[in-house]
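Step one of this worksheet: look at the structure below.
The values are calculated or read from the model by the stated rules, or taken from the named source; none is laboratory data. No experiment lies behind these values; they were computed from the predicted model shown. Every residue, glycine as well, gets a Cβ built from its backbone with ideal geometry; the counts of neighbours run over all protein chains shown. Note: areas computed on protein heavy atoms with side chains; ligands, DNA, RNA excluded. Shrake-Rupley method; radii C 1.70, N 1.55, O 1.52, S 1.80 Å.
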Amino acid sequence: MSEYRSLALTVITIFAITLLAAYFSPSFAEQKNYLELFILFGSLLFIFAVVVIFATLGFHSFALFLSLFLAAVIAIYGVLGALLITAVTYFLWGSIFAMELLLFYNGSESAKAWFVSRYDFKTFKMEYIAFYPLMGMLYILLEFIPYLFSKEKLLKFTPSKVLKEMEMLLE
């Protein structure tokens, strides 16, 4: 962890110097330029963070594609557009992953084949951890809420059981 301390200190220093330059600039035009530079640094830091996260999760080519796509979105729509694209990507892929996981838990052979063709246990576990909140949300939307209205049998969902079954299947 200490090897990243100097990197974090460098990044914080760059942001601090840029903000100080904006604050102490004699004219409005210079302040505006320094604030735009501050926002550009923030955008680049955001793109780098997304690339590192996806590369750490094992999606090396996807991380590069997403970083280029986010850079284009930031250039066109700004940082809020990039945040929106990142959130939508997380929600869409996480929803697909969680739905397939719920199907697998309920015995679907096509979901089993889907996981076997796309994952080994290491990559599955990384996505399992990354999309854990969406699993609960989709369970509530797809199982619990319909149970309240239809009074059909409620199927229980135990994420730890799925993880153990996947470990046996994907190892």
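Among the listed pairs Lys122/Lys161; Lys125/Lys164; Lys125/Lys156; Lys125/Lys153, those whose Cα-Cα separation exceeds 19 Å are Lys125/Lys156; Lys125/Lys153. With q set to 0.09, 0.17, 0.23 Å⁻¹, the log10 of I(q)/I(0) for the range 1-118, from the Debye formula over equal scatterers at the Cα positions, is -0.41, -0.97, -1.23.
By its C-alpha gyration tensor, with a ≥ b ≥ c as the square roots of the eigenvalues, how is the range 1-64 shaped: rounded for a/c under 1.5, else prolate for a/b larger than b/c, else oblate? Oblate. When all protein chains stay in place and ligands, DNA and RNA are ignored, the 1.4 Å accessible-area order of Thr10, Thr123, largest first, is Thr10, Thr123. Name the shape class, rounded, prolate or oblate, that the alpha-carbon gyration tensor gives for the range 110-165, where a ≥ b ≥ c are the square roots of its eigenvalues, rounded holds for a/c under 1.5, and otherwise prolate holds if a/b is larger than b/c and oblate otherwise. Here the range 110-165 falls in the prolate category. When the Cα centres of the range 93-115 and the range 19-54 are compared, how far apart do they sit, in Å? The two parts, judged by their Cα centres, are 42 Å apart. Anisotropy class assigned to the range 63-171 is oblate, per the alpha carbon gyration tensor with a/c at or over the 1.5 cut-off and a/b no larger than b/c. Remark: the range 70-86, residue by residue, has Karplus-estimated 3J(HN,Hα) of 5, 4, 5, 5, 5, 5, 8, 10, x, 5, 5, x, 5, 4, 5, 4, 5 Hz, where x stands for each Gly or Pro and the curve is 6.51 cos²θ - 1.76 cosθ + 1.60 at θ = phi - 60°.
Checking every one of the trypsin sites (Lys or Arg not before Pro) in the range 100-171 against DSSP loop status and a limit of 14 other Cβ atoms within 10 Å picks out Lys151, Lys153, Lys156. Rounded to whole numbers, the Karplus 3J(HN,Hα) couplings from phi for the range 108-113 are 6, 6, 5, 5, 4, 5 Hz, using 6.51 cos²θ - 1.76 cosθ + 1.60 with θ = phi - 60°, and x at Gly and Pro. 3J(HN,Hα) along the range 116-121: 5, 6, 10, 10, 9, 5 Hz, from the Karplus curve 6.51 cos²θ - 1.76 cosθ + 1.60 with θ = phi - 60°, whole Hz, x for Gly and Pro.
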